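Worksheet: one structure, shown below.
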């Protein structure tokens with residue numbers, strides 16, 4: 001307060017001089033200043049001090065949060081980057097032109113077509129365009145890019161396929177099938193695969209197919225394939241190709257009730273069973289095109305083949321080579 005009298009305006013007590021600019025009541029402690037300017041200066045000095053302390057506290061708090069945040073962020077980046085095996089990491093960094101840790105699930109979902117081949121390393125052929133949006137295959141091939149990664153098999157993890165949720169077409173020509181895992185949610189319409197299936201079985205891989213989208217499956221080089229239980233997951237496919245497999249069961253494909261095209265390439269059949277087994281395949285209710293190539297095709301006599309052509313004329317196109 002500004003000094004106006006010699007006594008305290010609050011209680012009437014006696015004022016005591018503290019310094020050249022300040023008086024204080026001996027009874028209630030009320031302070032009086034000689035000059036309003038001085039009062040203002042003291043007030044500003046006290047406020048600035050508090051502001052400095054508050055600012056210092058804020059800076060310290062922000063610094064602490066920043067350190068914790070940075071540790072969390074970098075830790076998250078390390079975890080993100082560690083999702084990928086060496087081969088997939090190098091492929092993705094080259095494809096996206098940025099660190100693996102910065103490649104998001106949204107980025108991965110943009111790849112629509114992926115083919116992986118193994119030959120002195122791993123060759124990735126990929127596209128961000130949907131194969132099924134193109135009627136002209138030659139035009140689609142112009143959208144393809146290829147990246148080859150030189151690495152040992154131990155640096156490749158087929159489980160990394162599970163991150164590519166946007167794929168509509170997947171072609172896998174590598175080994176180590178026992179470790180392949182499809183994305184939990186996918187829109188795959190076509191899967192081509194080969195080799196390695198017989199040793200470990202295939203149900204785990206085909207368990208995650210999307211029955212609402214998958215239309216075509218081809219299994220090549222299936223020389224030792226003995227476990228066909230994976231076919232339970234393929235009931236809705238329309239096109240199926242099987243190569244080099246040995247077939248004993250005439251009811252093998254009975255569950256493929258939506259199958260429209262069946263291609264058997266160099267499959268092995270007992271000669272005395274060939275007519276019965278293939279004849280059963282031809283009774284599939286939706287079948288429109290049957291193709292068979294190799295020795296087994298010629299286990300069928302000309303008379304039997306002619307009879308099938310006559311019976312299925314206008315219903316099924318029969319081809320053998």
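Estimated from the Cβ-Cβ distance and a Förster radius of 30 angstrom, the FRET efficiency linking residue 154 and residue 107 is about 0.70. Simple spin-label estimate for residue 221 and residue 295 gives 2.1 nm between the two label positions (7 Å along the Cα-to-Cβ direction from each Cα).
Looking at the square roots a ≥ b ≥ c of the eigenvalues of the Cα gyration tensor of the range 190-288, which shape do they give, rounded for a/c under 1.5, prolate if a/b is larger than b/c, or oblate?
oblate
Contact order normalised by length for the range 105-320, with contacts defined as Cα pairs under 8 Å and 6 or more residues apart; what percent is it? After rounding, I find 12 percent.
Projected area of the range 105-320, taken from the Cα convex hull and averaged over every viewing direction, in nm²? The partial results should precede the final answer.
Working: hull surface 50.8 nm².
The orientation-averaged projected area of the Cα hull of the range 105-320 comes to 12.7 nm².
Rounded to the nearest 5, what % of the DSSP beta bridges within the range 105-320 are antiparallel ones? Roughly 25 percent of the beta bridges in the range 105-320 run antiparallel, per DSSP.
Each reported figure results from applying straightforward, stated rules to the coordinates on display, with no laboratory input. These numbers come from a predicted model, not from an experiment. When we count neighbours, we look across all protein chains shown, and the Cβ atoms used for this are built from the backbone with ideal geometry, even at glycine.
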